[in-house]
Amino acid sequence: MADELEKSFQILKQTVPLMVKHQVLTVPTNYALWYTYASQKSPDLNQQIDEALKISAQLSESKTTELYRQHLADTQELNTWQLRQSLEAMLQELNQTMQDTRKESDQFRQNMDGCLDDLAKVEKEGWTLEEVMGLVRTMVQETQGIRKSTLSFNAALASAEKEIAQLREQLAESQHDALYDALTGLRNRRYFDEELKAMLAKGDVALLLVDIDHFKNINDTYGHVMGDLVIKAVAKKLRSLCRDGADAFRYGGEEFAVLLPATPFASARHRAEGMRSAIEKINVVNRLTNESLGDVTASFGIACSANGDSPQTLIERADKQLYDAKRLGRNRVMPLAI
């Protein structure tokens with residue numbers, strides 16, 4: 001027993017200086033993580049921490065939380081977190097689907113109203129009064145039934161949307177520490193902000209901002225369900241092309257960010273061009289309708305860190321290049337050179 005206590009004390013003496021050195025917050029989960037690292041009981045954990053420290057001397061809060069969940073969190077804790085992620089994804093898809101359905105039902109009601117207006121022209125085309133009245137009675141009965149069901153359905157949708165909005169707000173409050181975007185599975189904007197700050201503190205980093213071209217037209221033409229499929233397909237492609245310390249993030253909406261640690265401009269541009277070309281080959285199919293959407297493209301803006309850069313200044317430069325890429329015709333990487 002005494003030997004166990006002495007061993008634990010020696011590990012703890014290594015743990016605290018490590019946390020101070022890497023500016024780790026002194027919270028229970030971080031103590032557990034770095035105690036395990038110092039004890040060398042988990043080779044996989046040590047390897048991941050060592051690789052992360054090569055990129056940045058200071059691990060972000062999101063990174064340490066992710067490592068804790070991967071290696072130390074118990075099953076119940078993980079299941080709760082995964083349930084929240086799944087529920088968020090379900091609510092998001094359901095909400096968009098209901099919006100599309102209500103839009104279609106509103107259009108159908110307008111079309112039926114137009115048909116009723118057109119009935120006034122039938123008499124001028126030589127129909128008998130009996131034929132006209134028979135058609136009117138049939139159309140009125142069918143239209144009344146359709147309008148009634150449509151109005152009821154819209155009322156139900158409105159009520160459900162309100163409930164979903166309330167659930168989403170509650171979920172957001174309880175899930176403020178979530179690290180991943182529910183739709184794509186990529187790390188989220190909060191994670192990106194912390195990682196960029198940590199990488200800039202370590203040294204050079206290249207930032208790619210990526211925006212799906214003509215995304216509003218995709219949503220307007222094919223609906224939000226297809227729009228979500230496009231976002232997920234682009235996210236999957238970006239993630240598959242991230243290696244050697246690179247990481248992709250859902251920056252917001254149809255926009256993504258990729259961080260490339262210690263990468264000069266020429267290499268960053270080469271990587272971005274490869275990603276752009278790969279996205280251009282994506283073929284998205286709605287499995288429910290077998291509807292295919294071609295010509296998915298994206299524009300890229302690159303910025304490489306310089307002395308004195310803050311996360312904000314680096315993002316602003318990348319965003320300016322992204323704007324130029326879209327202004328010059330989209331589906332391109334900017335700048336061409338520096």
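The values are calculated or read from the model by the stated rules, or taken from the named source; none is laboratory data. Treat the numbers as computed from the prediction; the structure is a model and nothing was measured. A quick note on method: Cβ atoms are made from the backbone with ideal geometry, for glycine too, and the neighbour counts reach across all protein chains shown. Surface areas here come from the heavy atoms of the whole protein model, side chains and all, with no ligands, DNA or RNA. Shrake-Rupley method; radii C 1.70, N 1.55, O 1.52, S 1.80 Å.
Brief remarks follow.
- Accessible surface comparison of Y251, Y31, probe 1.4 Å, protein chains only, largest first: the order is Y31, Y251.
- The largest accessible area among Y191, Y37 belongs to the first residue in Y37, Y191, and the rest follow in falling order (1.4 Å probe, all chains).
- Under a model in which nothing but the beta-carbon of Lys, Arg (+1) and Asp, Glu (-1) is charged, segment 234-338 shows a dipole of about 240 debye around its Cα centre.
- With all protein chains kept in place, the per residue accessible area of segment 230-291 amounts to 49 square angstrom at a probe of 1.4 angstrom.
- Using a probe radius of 1.4 angstrom, the carbon and sulfur fraction of the accessible surface of segment 185-297 is 47%.
- Relative contact order for segment 265-330, counting Cα pairs under 8 Å that sit 6 or more residues apart, in percent: 28
- Under Karplus coefficients 6.51, -1.76 and 1.60, residue-wise ³J(HN,Hα) of segment 298-310 in Hz, glycine/proline x: 8, 10, 10, x, 10, 9, 10, 5, 10, 4, x, 5, 9
- Gyration tensor verdict on segment 175-224 (Cα atoms; rounded if a/c is under 1.5, prolate if a/b is larger than b/c, oblate otherwise): oblate
- Greater than 29 Å apart at Cα, pairs in K63/K232; K41/K237; K7/K197; K54/K326; K216/K237; K63/K281: K41/K237; K7/K197; K54/K326; K63/K281
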